[in-house]
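Student: Supplied in structure tokens, the structure appears directly below.
All of the numbers you see were taken from the coordinates with simple rules; none came from a lab. Fair warning: this is a prediction, and the values are worked out from it, not measured in the lab. Cβ placement follows ideal geometry from the backbone for every residue including glycine, while neighbour counts extend to all protein chains displayed.
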Amino acid sequence: MVLSSSFGEKMTARKGTVSQTQKRKSPANRSVSSHRFEPAKLDALFLVLDAVAWLDTPSISQVAQFAGIDPRTAGKHLKNACQTGLIDAVGSGYAPILPYPYRGSQAQKEAVVKEALVRLPLLIAVRQFLRLGDKTESALRKAATTMGISPFVASDLNPLIEWANSLGALKPDLLAEDLLDAATEMKEQRHHDEKERRVAFLSHSSLDKPFIRQLAADLTANGIDVWLDEQRIRVGDSIPEKVAQGLAGSDFFLIALSRHSENSVWVQKELNNALVNEVQRRKVHILPLKLDDASIPPIIADKKYADFSVSYKSGLDELIRSLRMSV
């Protein structure tokens, strides 16, 4: 996959833009425009992301309770996660933007955050100045100026720099492509070392989340790692870029098809040749999940599907057999 060099410009243009498919309230927009990152230890971020990935647009208090942390800490991480493009504010709660390996390894979870940081326009600019020979403090000041952040207050941005340094996301010559190549290499190594292990990328409408929670639990219980991806798109989103990290490390692309997803913009417009080609380029098997009487999009109509429309149990058995037989 070729990553657009104009990604930073697209992201900059998108800041503060409200998607036609999602109504966002002002708190998230204020977080994005404030350019202030909260000091918070990175470890708790993954607990927060677990909560947002599993729950249905949870509030701060719900995230705090699910994660087992105090609401103040949860609020800091939610704000930072919004500003780094990991999650979004939807209504009175939060929802994931990027696919997330809920029961994945710590390395997989860190890779998601690292890629979000690598793609962040401010850090793209910081790495450019680092590559030109500037020290981090100077590179940050110049990058903030380039991004129109004024006045520049280093302490507002230092927590972001600390996260990026701890994950190795500030290496001057680092590109998002490098992270995807690393994920692909890890998958190939897994195929060699753990031939029976499977990783499934599960794409679904947020309205089908109750079904997806049960399916994710059942797949995990059967030894199959699951990435959760809600079919949410924002103005200017590139779906292949959005799902890149999850696809690079997965063996299967499972797409839940239902009356809910049938009417979604994601399925109508974004399940297209670019995405299907990227799935296949990453050597990932597409396997539709038929949840009800919804029709299967023509572009994947020739794919074998697991049928949950009559019986969940039979659909699950069929799916698990397919996952274990392939790869």
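Student: Of the residues TYR312, TYR94, TYR102, which exhibits the maximal mean-square fluctuation in a Gaussian network model of the chain defined by a 10 Å Cα contact cut-off?
Tutor: Highest fluctuation among the options: TYR312.
Student: Sequence gap at least 6, Cα distance under 8 Å: using those rules, report the relative contact order of the chain to the nearest whole percent.
Tutor: Working: 481 pairs, mean separation 54.1, N = 327.
Here the relative contact order equals 17 percent.
Student: For n ≥ 4 DSSP H runs only, could you compute -39500 (n - 2.57) per run for the chain, divide by its residues and tell me the 222 nm figure to the nearest 500?
Tutor: On the way: 16 runs with 167 residues, N = 327.
Estimated from H runs of four or more residues: -15000 deg cm²/dmol.
Student: Now for a different question. Please work out how much length the chain gains when fully extended from GLN65 to LEU175, using 0.36 nm per residue of separation minus the C-alpha to C-alpha distance, in nm with one decimal. Present the calculation step by step, with values, prior to reporting the outcome.
Tutor: Details: separation 110, 0.36 × 110 = 39.60 nm, distance 3.61 nm.
Roughly 36.0 nm would be gained on extension.
Student: Check ILE87: other-chain or 5+ apart residues with amide H under 5 Å from its amide H, H built from backbone geometry?
Tutor: For ILE87, whose amide H was placed from the backbone, the distant partners under 5 Å are CYS82, ILE97.
Student: Also, quick follow-up: If amide H atoms are built 1.01 Å from N in the plane of the peptide, which residues on other chains or at least 5 residues away come under 5 Å of the amide H of GLU38?
Tutor: It is ASN80, by chain and number.
Student: Determine the gain in length on full extension of the stretch ASN277-ASP43; use 0.36 nm per residue of separation and subtract their C-alpha separation, reporting nm with one decimal.
Tutor: Working: separation 234, 0.36 × 234 = 84.24 nm, distance 3.53 nm.
Full extension of this stretch gives 80.7 nm more.
Student: Additional query: Taking the beta-carbon count within 10 Å as an exposure proxy, list GLU318, GLU137 from fewest neighbours to most. Don't jump to the answer; show the numbers that get you there.
Tutor: Numbers: GLU318 17, GLU137 11.
Least crowded to most crowded, the residues run GLU137, GLU318.
Student: Step through the table entries LYS209/LYS303; LYS41/LYS195; LYS114/LYS209; LYS195/LYS304; LYS76/LYS171; LYS114/LYS290, compare each Cα-Cα distance with 28 Å, and write down the pairs that go over it. List each step's numbers first, then the result.
Tutor: Numbers: LYS209/LYS303 23 Å; LYS41/LYS195 36 Å; LYS114/LYS209 26 Å; LYS195/LYS304 23 Å; LYS76/LYS171 26 Å; LYS114/LYS290 34 Å.
In this structure, LYS41/LYS195; LYS114/LYS290 lie more than 28 Å apart at Cα.
Student: Taking amide H positions as placed 1.01 Å from N in the peptide plane, with prolines and chain starts having none, which residues 5 or more places from ILE286, or on another chain, fall under 5 Å of its amide H?
Tutor: Long-range HN contacts for ILE286: PHE253.
Student: If we count every other residue with Cβ under 13 angstrom of ASP56's Cβ, Lys/Arg +1 and Asp/Glu -1, where does the sum land?
Tutor: Details: positive: LYS209, ARG213, ARG232; negative: ASP208, GLU230.
So the environment of ASP56 carries a net charge of +1.
Student: Compute the signed sum of charges (Lys and Arg +1, Asp and Glu -1) over the other residues within less than 11 Å, Cβ to Cβ, of ILE224.
Tutor: Details: positive: ARG103, ARG197, ARG198, ARG324; negative: GLU196, ASP218, ASP225, ASP251.
Cβ neighbours under 11 Å give a net charge of 0.
Student: How do MET325, MET147 rank when sorted from fewest to most other Cβ atoms within 10 Å of their own Cβ?
Tutor: Details: MET325 7, MET147 18.
The fewest-first ordering by Cβ neighbours comes to MET325, MET147.
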